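K.L.:
Dumping the structure here so I can ask a few things about it.
The values are calculated or read from the model by the stated rules, or taken from the named source; none is laboratory data. None of the values given here were measured: they were computed from a predicted structure. Using ideal geometry, Cβ is built from the backbone for each residue, glycine included, and neighbour counts are taken over all protein chains shown.
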Amino acid sequence: MIKIVKAEHVRDYLLQLTFSDGARGEYDFAPLLAKETVLTKPLKDIEAFKAYFIELGALCWKNGLELSPAALYKELQVDGKLIHAEQAA
């Protein structure tokens, strides 16, 4: 089961995610936040967005938004944005 082990703010709504298998990728959350749902609307405030944390391998925010590490991993993989540890060397 894939988990997020590290998340780093790069700029704006872009985070670099590192996964339990050593793969990493930069994920742009701007399209998600543009949907302006009850859970995403508060995160348009950049300070609220940057208050993310990792809980049990998932990316979370205090307002209750929790994103699946497997879904984020798959999306990065499909978009060709996932870098595996052996590719980085």
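K.L.:
Identify all residues within region 33-89 that are in contact with a Phe, Trp or Tyr (Cβ under 8 Å, 6 or more places away or on another chain) and within 17 Å of D21 (Cβ to Cβ); write none if there are none.
P.N.:
Hits for region 33-89 are L59, P69, L72, Y73, E75, L76, K81, L82.
K.L.:
Would you confirm whether or not region 77-87 contains a residue that is surrounded by 12 or more Cβ atoms within 10 Å (Cβ to Cβ), of a type outside the set (K, R), assigned to a strand (DSSP E or B) and at pLDDT 95 or above?
P.N.:
yes
K.L.:
Any idea how many residues of region 29-56 are under 11 Å from the mean Cα position of the chain (by Cα) and either closer than 15 Å to I4 by Cα or at pLDDT below 95 (or both)?
P.N.:
Of the residues in that region, 3 qualify.
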